[in-house]
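Just passing along the structure, written as C-alpha cells.
What follows draws every value from the coordinates through simple rules; no lab data is involved. Small disclaimer: the values here were computed from a predicted structure and weren't measured. Here the Cβ positions follow ideal geometry from the backbone for every residue, glycine too, while neighbour counts run over all protein chains shown.
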Amino acid sequence: MSPEYAIDGVFSEKSDVFSFGVIVLEVISGKRCTGYYPCRESLNLLGYAWQLWKEGRAMELLDRAIKRSFQADEVLKCIQVGLLCIEENPADRPTMNFVVSILTSESCALPLPKQPGFSFGRNLRVRADRSPRSSIYGLSESTLEGR
C-alpha cells in the first residue's frame, strides 16, 4: 500500500506503481515485504533493499533459489526499477508505461532511485498533542506522524 494512500487516503495510478515495485522486490528476494531484516534501521523489505542498494550490495537481495540461473545486469535492472517504483514522493515514481519500456528494452539509462516510503523507523516522529485533554488518570496522548 502506498504511503499517500495509507496516510492520507489519496489513491492514484502512482499508488499502483508503488504496489508493483513492492511485488518486484518480493519476487526478486523471495521474501514478504513485512518481517525481520538484518539492517537495524529497516522496518521492512523496502528499507532493506534500499540499504543494500546504497551500499552497492543489491545482489545480496536475490533469492537463493534463483541464484544459479540469473543474469546480474537483469537482476540489478529489476531491483532498480522496483526501487524507482517505491519512491516516497508519487511524482518521482515512473509511470507503468515507462516501467514496461524499461523492462522490455535491452539498454536504457535509468535514473537513480531515491529513498522509498515506509522503509525506515527513524522517519517517524512522535508529536505530543498540544490541545489540553482531560484525563482522570493524568496521562498524556501522543500521535505518531509520518514525515
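Along the Cα→Cβ direction, 7 angstrom out, place labels at residue 104 and residue 67. What is the inter-label distance in nm?
About 3.4 nm separates the two model spin labels.
Short version: ³J(HN,Hα) in whole Hz for each residue of the range 66-79, in order, from phi by Karplus 6.51 cos²θ - 1.76 cosθ + 1.60 (θ = phi - 60°), x for Gly and Pro, what are they?
Along the range 66-79, the couplings run 10, 5, 7, 10, 8, 10, 4, 5, 5, 5, 4, 5, 5, 5 Hz.
Using R₀ = 30 Å, calculate the FRET efficiency as 1/(1 + (r/R₀)^6) where r is the Cβ-Cβ separation of residue 34 and residue 89; round to 0.05.
Result of the calculation: an efficiency of 0.85.
Which lysines have a Cα less than 21 Å from the Cα of residue 14, not counting those fewer than 8 places away in the same chain?
Within the straight-line cut-off, residue 14 pairs with 77, 114.
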